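Supplied in structure tokens, the structure appears directly below.
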Amino acid sequence: MFGLGPATKVYVATGATDMRKGFEGLHGLVRDELDRDPLSGHVFLFANKMRTRLKILFWDGSGLWVCAKRLEKGRFHWPEASAGASVTMRQEQLTMLLNGIDLTRSKSRRGWLSKPLVA
């Protein structure tokens, strides 16, 4: 698997993504719609319209990873923003999202984190 360093950002595409897209399609979305470099080493997260499937695109220095997850029940609690935009989140927030935790209902202890849960 891949490890994420402390400087690795997680970009979440807020609009619906066609889950038939593979390496090239997701690479194009990152480059053209999110206006980011897909080979930057950052993580890019995409979900379908129903928020029951997601894909992660990640460059590890030697090649692209595409990882997918499909929920059998329920939906991912996806951050909202205008279509075509992206939201940045921290790595611990990614872990929470992947484990079914609603980020809008969770809160940090006072003075614990300097950033809001979804920025």
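The values are calculated or read from the model by the stated rules, or taken from the named source; none is laboratory data. None of these values were measured; they are calculated from a predicted model. Using ideal geometry, Cβ is built from the backbone for each residue, glycine included, and neighbour counts are taken over all protein chains shown. Just the protein is used for accessible areas: all its heavy atoms, side chains included, with ligands, DNA and RNA removed. Shrake-Rupley method; radii C 1.70, N 1.55, O 1.52, S 1.80 Å.
Search segment 39-53 for residues that are surrounded by fewer than 16 Cβ atoms within 10 Å (Cβ to Cβ) and pair each with any residue that is not in a strand (DSSP E or B) when their beta-carbon atoms are under 8 Å apart and the residues are at least 6 apart or on different chains.
M50/R75; R51/R75; R51/F76; R51/H77; R51/W78
Turning to a different aspect of this structure: Give the number of residues within segment 22-38 that are more than 20 Å from Q91 (Cβ to Cβ) and either open to solvent by less than 70 Å² (accessible area, probe 1.4 Å) or touching a Gly at 6+ places or on another chain (Cβ under 6 Å) (or both). Before the answer, list the steps.
Residues of segment 22-38 that are more than 20 Å from Q91 (Cβ to Cβ), as a first pass: 22-25, 27-29, 31-33, 35.
Then keep just the ones that are either open to solvent by less than 70 Å² (accessible area, probe 1.4 Å) or touching a Gly at 6+ places or on another chain (Cβ under 6 Å) (or both); that gives 22, 25, 27-29, 33.
Summing the residues that are more than 20 Å from Q91 (Cβ to Cβ) and either open to solvent by less than 70 Å² (accessible area, probe 1.4 Å) or touching a Gly at 6+ places or on another chain (Cβ under 6 Å) (or both) in segment 22-38 gives 6.
I need the full set of residues from segment 45-76 which are within 11 Å of T14 (Cα to Cα) and in contact with a helix residue (DSSP H, G or I) (Cβ under 8 Å, 6 or more places away or on another chain), in order please. Steps first, answer last, please.
Here is the first cut: in segment 45-76, the ones within 11 Å of T14 (Cα to Cα) are 45-49, 51.
Within segment 45-76, L45, F46 meet the criteria.
Looking only at segment 67-76, decide whether some residue is surrounded by fewer than 18 Cβ atoms within 10 Å (Cβ to Cβ) and of a type in the set (G, A, S). Before you say what the answer is, go through the steps one by one.
Just the residues of segment 67-76 that are surrounded by fewer than 18 Cβ atoms within 10 Å (Cβ to Cβ), to begin with: 67-75.
If we keep only those that are of a type in the set (G, A, S) too, we end up with 68, 74.
The answer is yes; a qualifying residue exists.
Here's something else I'd like to know. Pairs only if they're at least six apart or on different chains, beta carbon under 7 angstrom, first in segment 15-28 and under 24 Å from E80 (Cβ atoms), second surrounded by 16 or more Cβ atoms within 10 Å (Cβ to Cβ) and not hydrophobic (A, V, I, L, M, F, W, C); list them, first residue then second.
Listed by first residue and then by second, the contacts come to A16/N48; T17/N48; M19/N48; M19/R53; M19/K55; L26/K55.
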